[in-house]
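**Q** I'd like to ask some things about the structure below.
Every read-out reported here was derived from the displayed coordinates using simple, explicitly stated rules and does not represent laboratory data. In this text, all values refer to a predicted model and were calculated from it rather than measured experimentally. Here the Cβ positions follow ideal geometry from the backbone for every residue, glycine too, while neighbour counts run over all protein chains shown.
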Amino acid sequence: MPVDSGADPEARQPLAPLHTATTGEQVAHRLATAIALGEYSLGDRLPSERELAALLRVSRESVRVALRRLSDEGLLDIRRGRSGGAYVQAEWAEVSAHAVRQALLGRWEEFEALFDYRRLIESLIARTAAERADDTDRAGLRRLLAEFDEASSLSRAREIDTELHLAVARATHNSRLVALHRRLLSEVSLGVSMEPYTWDLYEQSRPGHHALVTAVCEGDAARAAHIAHHHFGITEDVLRKLAHRVRRAT
């Protein structure tokens, strides 16, 4: 029997049209999730539009759309002038749960594989660093560890944390492993900035940092690998807790 050509074409279709998120929407999801994770805390100033565009490899216009959207949602305060920029004015809002569902829960199986892959690779990096570190590497690691212990601000502590793990990767003297470490960091932080970070995480990470630097500097490859495998679970735990929070809210 011929199909009635006068019928509504969408009513005859078994599938509804898909909604594809714009780049601006995707950036907004990433930024809202980063704030929910603690990458940026209340009162923090986000990187500039140009910096965010470079980090996320999108246009400045897409970043501008995302910032405007998050400002309308009450998550950001956009200020003008010499001290202007986008400042976090709420760490959680209605948009946060939606953003986490889009940026995290929708890719949870991928993140599970990433967690496992990262632990395996970072263990290999720590083992190799312990086997190959020279005097310059060891001195640099001890200096960064001391700076981490003396950090007076969360932003500085987060910066040194990142530098310390990069220094461990560089101690492997293998540029491919350094590049892989950087890529894994970008993936687990949703490509926005650095890893989730709070003062609680700072305190949690200190024993692991001391143990890892000691193992690498003493050339204890097996212990360095073991410490790295557990140390990199801290970020994983944060992401799991955030995912659980959103699931409970749905």
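**Q** Around residue 85, which amide H atoms from residues at least 5 apart in sequence, or from another chain, sit under 5 Å from its own amide H, with H modelled in the peptide plane?
**A** Those qualifying (amide H under 5 Å, at least 5 residues apart or on another chain) are 79, 80.
**Q** In whole Hz, what ³J(HN,Hα) sequence does region 140-151 give by Karplus (6.51, -1.76, 1.60; θ = phi - 60°), x for Gly and Pro?
**A** My calculation for region 140-151 gives x, 5, 5, 5, 5, 5, 5, 5, 5, 5, 9, 4 Hz in order.
**Q** Let me ask something else about it. Loop-only GluC sites (Glu not before Pro) in region 32-115, please: DSSP not H, G, I, E or B, and at most 13 other Cβ atoms within 10 Å. Write down the numbers at each step before the final one.
**A** Values: sites: 39, 49, 51, 61, 73, 91, 94, 109, 110, 112; in loops: 39, 73, 91.
Within region 32-115, no GluC sites (Glu not before Pro) qualify (loop, at most 13 other Cβ atoms within 10 Å).
**Q** Helix 108-132 sits at what angle to the longest principal axis of the chain, using alpha carbons and giving 0 to 90 degrees rounded to 10?
**A** It is inclined by approximately 20 degrees.
**Q** If you don't mind, another one. Return the Cα extents of the chain along principal axes one, two and three, sorted largest first, each rounded to a whole Å.
**A** 80, 54, 34
**Q** Lys/Arg Cβ at +1, Asp/Glu Cβ at -1, dipole of the chain taken about the Cα centre: which of 115, 172, 46 is farthest positive-ward?
**A** Most positive-ward Cα: 46.
**Q** Further question on the same structure: Of all the C-alpha pairs in region 107-249, what % are more than 23 Å from each other? Each step should come with its number before you reach the end.
**A** Numbers: 3164 of 10153 pairs.
When all Cα pairs of region 107-249 are counted, 31 percent exceed 23 Å.
**Q** Follow-up question, since we're still on this one. May I ask you to derive the relative contact order of the chain, considering only C-alpha pairs under 8 Å and at least 6 residues apart, and to give it as an integer percent? Intermediate values should be presented prior to the final figure.
**A** Working: 313 pairs, mean separation 59.2, N = 250.
After rounding, I find 24 percent.
**Q** Jot down the radius of gyration and Dmax of region 19-102, Cα atoms only, both in angstrom.
**A** Using the Cα atoms of region 19-102, the pair Rg, Dmax is 11.7, 39 Å.
**Q** Could you list which residues have their amide H under 5 Å from that of residue 39, counting only those 5 or more apart in sequence or on another chain, with H placed in the peptide plane?
**A** Under 5 Å from the amide H of residue 39 lie the amide H atoms of 197, each far enough along the sequence or on another chain.
**Q** Distance in nm between label sites at residue 204 and residue 82, each 7 Å beyond Cα in the beta-carbon direction?
**A** Inter-label distance under the simple model: 4.0 nm.
**Q** Relative contact order of region 19-102: what whole-number percent is it, with Cα pairs under 8 angstrom and at least 6 residues apart? Intermediate results must be reported in sequence, preceding the final value.
**A** On the way: 116 pairs, mean separation 32.8, N = 84.
It rounds to 39 percent for region 19-102.
**Q** Could you tell me the calculated FRET efficiency between residue 22 and residue 156, based on Cβ-Cβ distance and R0 = 45 angstrom, to the nearest 0.05?
**A** Details: r = 35 Å, r/R0 = 0.79.
Efficiency at R0 = 45 Å is approximately 0.80.
**Q** So what are the ³J(HN,Hα) numbers for region 34-40, from phi and the Karplus equation (6.51, -1.76, 1.60; θ = phi - 60°), rounded to whole Hz, Gly and Pro as x?
**A** 4, 5, 4, 6, x, 4, 10
**Q** Continuing with this model, one more query. 7 Å from Cα along Cα→Cβ at both residue 105 and residue 90: what's the point-to-point distance in nm?
**A** So the label points at residue 105 and residue 90 sit 1.9 nm apart.
**Q** Sticking with this structure for a sec: May I ask you to compute the full-extension gain from residue 149 to residue 214, defined as 0.36 nm times their residue separation minus their alpha-carbon distance, rounded to one decimal in nm?
**A** Working: separation 65, 0.36 × 65 = 23.40 nm, distance 1.45 nm.
That works out to 21.9 nm of additional length.
**Q** Still on this structure: Name all residues of region 161-176 having a backbone nitrogen under 14 Å from the label point set 7 Å from the Cα of residue 44 along its Cα→Cβ direction, giving them as ranges.
**A** 161-162
**Q** What value, in deg cm²/dmol to 500, does the helix sum -39500 (n - 2.57) over DSSP H runs of n ≥ 4 give at 222 nm once divided by the residues of the chain? Numbers along the way, then the final one.
**A** On the way: 12 runs with 168 residues, N = 250.
One gets -21500 deg cm²/dmol as the mean residue ellipticity at 222 nm.
**Q** Over region 107-249, calculate the relative contact order: mean separation of alpha carbon pairs under 8 Å at least 6 apart, over the residue count, as a percent.
**A** On the way: 152 pairs, mean separation 55.2, N = 143.
Computed over region 107-249, the figure is 39 percent.
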